[in-house]
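Colleague: Take a look at the following structure, please.
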Amino acid sequence: VTNGNADRGAAIFNAGRLTLLNSTVSNSRAPVDGGGIYNTGSAQIVDSTIISNSAQYGAGLYNFGQLTVVRSTISGNRADVFGSGLENWGNTTIQNSTIAENSAAITGGGLYRSGGSVTLTNSTIVSNTATNYGAGVSGGGIVLANTIVANNIAAVNPDINGPITSQG
């Protein structure tokens, strides 16, 4: 899915059940939320790439529902405010995935948790940027298990901003 344009969910707006397998969501633009995918339902993304999307919030993924990401890459997305790779309000589980080279104007270049829960297992968050703080992960309340958060760039707390729970 490529070159979408809508206020929310420029490439995909999901309010039901979505399974995305071996797919690429790219080059889509939402002036508000969810350049790539806006989810209020239940979404499962497996062996897929979310790349080069843009939005004010949640350029790659904007989640207000139930989201599972497995063996996927979220990369090269750009948020005008925060949550470039993912802006989360729902419940998100990310496994064996990479969040890299996303950029946000304020915070949460890789991932921004506004609410809900986020758990990352066996994943890598690297080389994301944010102008102010928390280029890797921001917003607190995030659980990391066997996850690397490194080499992110921001003026303050470049890798992690806010409290996290580490499970090894």
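Colleague: Evaluate the relative contact order of the chain (contact order divided by residue number), counting alpha-carbon pairs under 8 angstrom at least 6 apart; express in whole percent. Provide the component values of the computation, followed by the final result.
Modeller: Numbers: 696 pairs, mean separation 23.4, N = 168.
Worked out over the chain, it gives 14 percent.
Colleague: Quick check on packing: order 27-39, 113-125 by the mean number of other C-beta atoms within 10 Å, highest mean leading. Walk me through the intermediate numbers first.
Modeller: On the way: 27-39: 25.9, 113-125: 19.8.
Packing proxy ranking, top to bottom: 27-39, 113-125.
Colleague: Please report the base-10 log of the normalised intensity I(q)/I(0) for the chain, using a Debye sum with one equal scatterer per alpha carbon and no solvent, at each q in 0.12, 0.13, 0.18, 0.19 (1/Å).
Modeller: Debye curve over Cα of the chain, log10 I(q)/I(0) at q = 0.12, 0.13, 0.18, 0.19 Å⁻¹: -0.40, -0.47, -0.94, -1.06.
Colleague: Taking a ≥ b ≥ c as the square roots of the eigenvalues of the Cα gyration tensor of the stretch 27-80, is the shape rounded (a/c under 1.5), prolate (a/b larger than b/c) or oblate? All intermediate terms of the calculation are to be shown ahead of the outcome.
Modeller: Numbers: a/c = 2.62, a/b = 1.26, b/c = 2.07.
Oblate, since a/c reaches 1.5 and b/c is not below a/b.
Colleague: Using modelled backbone amide H atoms (1.01 Å from N, in-plane), which distant-in-sequence or interchain residues come within less than 5 Å of V118's amide H?
Modeller: T92, V143
No value in this document is a laboratory result; all are computed from the given coordinates. All values derive from a computational prediction rather than experimental measurement. Glycine gets a Cβ as well: all are built from the backbone with ideal geometry, and neighbour counts include every protein chain shown.
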